[in-house]
1. Check A:Ala49 against each of (1) more than 9 Å from every other protein chain (Cβ to nearest Cβ); (2) surrounded by 21 or more Cβ atoms within 10 Å (Cβ to Cβ) and name the one condition it does not meet.
2. Of the residues B:Asp94, B:Asp80, only one is open to solvent by less than 20 Å² (accessible area, probe 1.4 Å) and either without any contact (Cβ under 8 Å) to a residue 24 or more places away in the chain or closer than 27 Å to A:Val298 by Cα (or both); which?
3. Test each condition in (1) over 21 Å from the mean Cα position of the chain (by Cα); (2) part of a helix (DSSP H, G or I) for B:Leu291 and report the one that comes out false.
4. Given the condition over 26 Å from B:Arg71 (Cα atoms) and either at pLDDT below 95 or in a helix (DSSP H, G or I) (or both), answer yes or no: does some residue in the stretch C:36-53 qualify?
5. Going by the structure shown, is C:Asp16 modelled with pLDDT of 95 or more, surrounded by 15 or more Cβ atoms within 10 Å (Cβ to Cβ) and more than 15 Å from C:Ala129 (Cα to Cα)?
6. So, in the stretch C:54-65, how many residues would count as being of a type in the set (S, T, N, Q) and either in a strand (DSSP E or B) or more than 9 Å from every other protein chain (Cβ to nearest Cβ) (or both)?
7. Determine, yes or no, whether A:Thr87 is modelled with pLDDT under 95 and more than 14 Å from chain C (Cβ to nearest Cβ).
8. So which strands (runs of 3 or more DSSP E) stay within the stretch A:109-218 end to end and still have 1 or more residues that are open to solvent by less than 10 Å² (accessible area, probe 1.4 Å)?
Amino acid sequence: MSLHLDANGQFRHLLDLEHLPVDGLDRLLRRAQAFADGAQAAQALAGVAVCTLFFEPSTRTRLSFQLAAQRLGAQILNFDASTSSATKGETDMDTLRTIQAMGVRGFVVRHKQDGAVAALAAVANPGVAVVNAGDGRSHHPTQGLLDMLTLRQAHGDDFSTLKVVMVGDVKHSRVARSDLHALRALGCGEIRVCGPAALLPDDDTLHGCVVTDDFDAALDGVDAMMMLRLQRERMTEGLVDSIEDYHRDYGLTSLRVRRAAVNAIVMHPGPMNRGVEISDEVADGAQSRILQQVANGVAVRMAVLESLLSAPE
Amino acid sequence: MSLHLDANGQFRHLLDLEHLPVDGLDRLLRRAQAFADGAQAAQALAGVAVCTLFFEPSTRTRLSFQLAAQRLGAQILNFDASTSSATKGETDMDTLRTIQAMGVRGFVVRHKQDGAVAALAAVANPGVAVVNAGDGRSHHPTQGLLDMLTLRQAHGDDFSTLKVVMVGDVKHSRVARSDLHALRALGCGEIRVCGPAALLPDDDTLHGCVVTDDFDAALDGVDAMMMLRLQRERMTEGLVDSIEDYHRDYGLTSLRVRRAAVNAIVMHPGPMNRGVEISDEVADGAQSRILQQVANGVAVRMAVLESLLSAPE
Amino acid sequence: MSLHLDANGQFRHLLDLEHLPVDGLDRLLRRAQAFADGAQAAQALAGVAVCTLFFEPSTRTRLSFQLAAQRLGAQILNFDASTSSATKGETDMDTLRTIQAMGVRGFVVRHKQDGAVAALAAVANPGVAVVNAGDGRSHHPTQGLLDMLTLRQAHGDDFSTLKVVMVGDVKHSRVARSDLHALRALGCGEIRVCGPAALLPDDDTLHGCVVTDDFDAALDGVDAMMMLRLQRERMTEGLVDSIEDYHRDYGLTSLRVRRAAVNAIVMHPGPMNRGVEISDEVADGAQSRILQQVANGVAVRMAVLESLLSAPE
């Protein structure tokens with residue numbers, strides 16, 4: 001029995017997309033599509049308590065999981081562990097063990113540190129599931145899933161001829177890492193990664209990708225542009241000279257979008273810095289799938305929570 | 001189609017009381033009275049998600065809306081947008097669009113800036129409703145409605161012979177503005193406004209009102225005393241000399257209440273500064289309707305949410 | 001009619017364990033055991049609104065009450081009164097009166113000041129119940145109840161031959177005071193209290209207890225070790241020299257546990273300071289009932305809320 005699968009080969013926790021078998025990934029995406037199409041499962045998690053346990057604040061992701069849990073009939077609780085008074089110096093593991101002892105069966109965990117969510121999953125009791133809602137720079141598996149769902153809706157399930165470009169601060173992005181794992185797993189034809197050298201990760205993370213710092217070239221003929229948020233702290237850290245330079249070199253504008261395929265889509269995990277990594281015109285344009293990504297987020301999280309927590313029939 | 005009414009002339013958002021037709025106002029008040037009398041509608045909003053979106057904190061108003069939504073069977077979520085980490089620099093409109101994309105159908109919005117709630121309503125999708133829970137100094141329509149309901153309960157539906165005095169910091173009060181709109185719309189016989197000159201608004205806001213700084217005279221024979229909260233910052237801004245002076249000149253005491261009609265009622269939107277705008281004796285006295293206002297708040301909010309969000313039959 | 005019992009001798013508020021008759025205490029513990037064994041009462045509080053009203057933050061206790069309320073079908077709301085913006089200078093009593101006027105029927109209140117929760121209960125309307133979730137150093141009755149339930153599960157309902165030791169900062173602990181009341185009420189055979197003199201309370205609190213500062217002697221043959229959390233501020237206050245000294249003298253280690261009876265249990269109200277009042281080995285050892293205490297907390301709170309708030313049949 002691993003952290004990822006139980007003794008029956010069933011999906012146990014969702015910690016990353018690296019360890020999720022391709023057929024498991026595909027099954028989740030198909031169920032998520034059903035929810036996106038309006039499938040109901042209002043009693044699937046009746047009587048099941050799910051707790052968001054965020055060691056790093058994120059209102060938006062918390063809300064998406066909360067809506068997903070409520071639509072499955074779960075009881076949802078929030079534990080904001082990002083303030084010290086919440087945990088009063090106890091270990092993260094004792095915090096999880098304590099809430100688990102109260103009868104909570106599902107944990108949606110976000111943490112600043114890489115690997116911290118998997119470490120917490122290791123102390124979960126049998127029958128208790130942990131979903132990684134983002135840890136450090138490592139993983140954000142539900143974001144990866146919702147991005148794949150969005151790509152499928154635009155371009156179909158066969159990714160073998162798909163060309164995707166991922167743009168910006170890949171180095172510090174757990175979204176990017178989860179997307180890269182998923183794109184490879186689903187056999188994406190070509191993955192391009194583009195950004196200033198200071199924001200690109202090590203070669204290992206980028207294996208199999210076409211890497212460039214020339215944004216215009218990178219856009220040529222792509223089917224999807226996956227833009228990443230530029231955190232303001234990259235400026236104070238000296239990794240980026242100025243907002244203006246960044247926008248000039250890596251900001252997605254209407255002019256640039258024309259280099260992509262005609263039916264190419266624009267994606268962004270939010271929250272957006274308008275005028276920095278993306279222009280208003282593109283963010284709100286016909287090719288933008290940014291709000292559809294948000295909608296898919298709820299559908300994906302419903303599929304994940306149902307899969308992990310509903311009683312086997 | 002306006003922001004206030006949809007193509008069928010149905011009530012679409014509740015942004016202010018200025019644009020609500022009198023018969024719409026009357027219908028809401030009658031439905032609220034039914035809820036106050038114990039009418040149930042526990043399934044009216046089953047499966048509908050409502051989100052409080054507060055760019056300015058207000059625990060009390062949020063709680064009242066939350067109870068109202070729960071009693072209608074809605075799913076209720078809270079998004080506290082008053083901390084910067086919640087919105088991470090995205091625009092208010094992107095915040096609303098994002099939560100809307102998650103499937104939320106009702107927004108209860110509070111904002112520091114005048115007009116900000118109406119601006120947010122302008123980006124709401126068809127089928128999505130926005131309720132203004134207070135913006136700047138402009139509007140607080142559900143407070144206006146609950147005050148009107150309280151007046152009707154005491155003095156009947158015909159306001160033509162009603163004399164009301166509103167006392168205190170009218171200038172900075174959205175409650176006062178919403179009350180003034182509603183009192184005029186319902187044909188209130190006489191509206192008196194009383195307070196120190198520095199706390200009175202422009203003539204336009206006061207049109208049709210009898211204005212005075214003599215509190216004792218203003219109380220003479222009135223049927224209702226609507227006291228306003230004095231924010232402590234009025235002192236630091238130099239608009240009021242001292243708490244003691246303010247209480248002496250504009251504090252409602254038992255002695256002063258005797259100047260009003262014998263069956264006059266005392267109102268206050270809360271939270272009260274006891275010993276400042278109102279004495280303990282009056283706040284807790286037989287003529288006080290302050291807690292009844294709070295109770296009416298839930299009934300009014302149920303009527304508003306039901307009206308905006310329940311499926312047409 | 002007292003604050004504790006209504007005109008029919010029914011349990012009205014739960015403010016402390018001093019005023020709860022022994023048969024009432026026993027009835028609650030038996031009902032809690034039924035909930036711990038899986039009894040369901042998913043509709044017991046359907047349509048009843050319960051509000052947590054915390055003037056001092058405590059995420060863990062709030063969560064436990066929240067889960068208990070949800071399992072009884074109640075609507076649960078949270079009012080965090082520990083920030084000044086929440087109450088805006090109004091009195092605590094006005095805060096309770098206001099939420100009560102909204103139709104909330106149950107209040108779970110925590111407060112820094114001794115006696116503050118009882119003072120709030122005094123303004124509750126008939127039909128409204130207050131549960132003390134901890135006030136000052138005085139009372140924490142649901143913690144006392146869950147500790148008694150845990151002792152019963154290990155050693156049976158007859159406490160007459162039971163030997164218990166309570167260790168640590170008894171002086172500042174409301175948990176200790178509630179446990180002492182409950183142990184006496186249930187006829188505990190021997191209550192030992194152990195800690196440095198600076199952390200022991202007055203004689204009145206300790207009446208009937210065997211008091212010592214010799215931890216090894218105090219452990220001899222006991223059936224239960226009730227460890228208390230050492231707040232870090234005891235160091236800055238000069239009441240304790242150092243963490244190391246405290247651990248050496250009053251930290252529970254495996255070596256020390258052997259002095260107790262073979263079937264003795266280890267208890268701690270959490271959150272634990274591992275390596276201070278308790279070693280990892282003991283906290284996670286076979287004799288630890290710390291997580292069982294947490295589980296019992298939900299069962300006890302279900303019994304209390306049901307008893308106070310469900311309609312008489």
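The values are calculated or read from the model by the stated rules, or taken from the named source; none is laboratory data. All figures in this text were calculated on a predicted structure; none of them were measured in a lab. Counting neighbours? That spans all protein chains shown, and the Cβs are built from the backbone with ideal geometry, glycine included. Remember, those area values only see protein heavy atoms, side chains included, never the ligands or the DNA or RNA. Shrake-Rupley method; radii C 1.70, N 1.55, O 1.52, S 1.80 Å.
1. Answer for A:Ala49: the failing condition is (1).
2. On the way: B:Asp80 fails: open to solvent by less than 20 Å² (accessible area, probe 1.4 Å).
Only one candidate passes the filter, namely B:Asp94.
3. Just one mismatch for B:Leu291, condition (1).
4. Residues of the stretch C:36-53 that are over 26 Å from B:Arg71 (Cα atoms), as a first pass: C:36-39.
From what's left, either at pLDDT below 95 or in a helix (DSSP H, G or I) (or both): C:36.
Yes, there is a match, as at least one residue in the stretch C:36-53 is over 26 Å from B:Arg71 (Cα atoms) and either at pLDDT below 95 or in a helix (DSSP H, G or I) (or both).
5. Values: modelled with pLDDT of 95 or more: yes; surrounded by 15 or more Cβ atoms within 10 Å (Cβ to Cβ): yes; more than 15 Å from C:Ala129 (Cα to Cα): no.
So C:Asp16 does not fit the description; no.
6. Total meeting the criteria: 1.
7. Working: modelled with pLDDT under 95: yes; more than 14 Å from chain C (Cβ to nearest Cβ): no.
Spelling it out, it is not the case that A:Thr87 is modelled with pLDDT under 95 and more than 14 Å from chain C (Cβ to nearest Cβ).
8. Numbers: elements: A:129-135, A:163-167, A:190-194, A:210-212.
By residue number, A:129-135, A:163-167, A:190-194.
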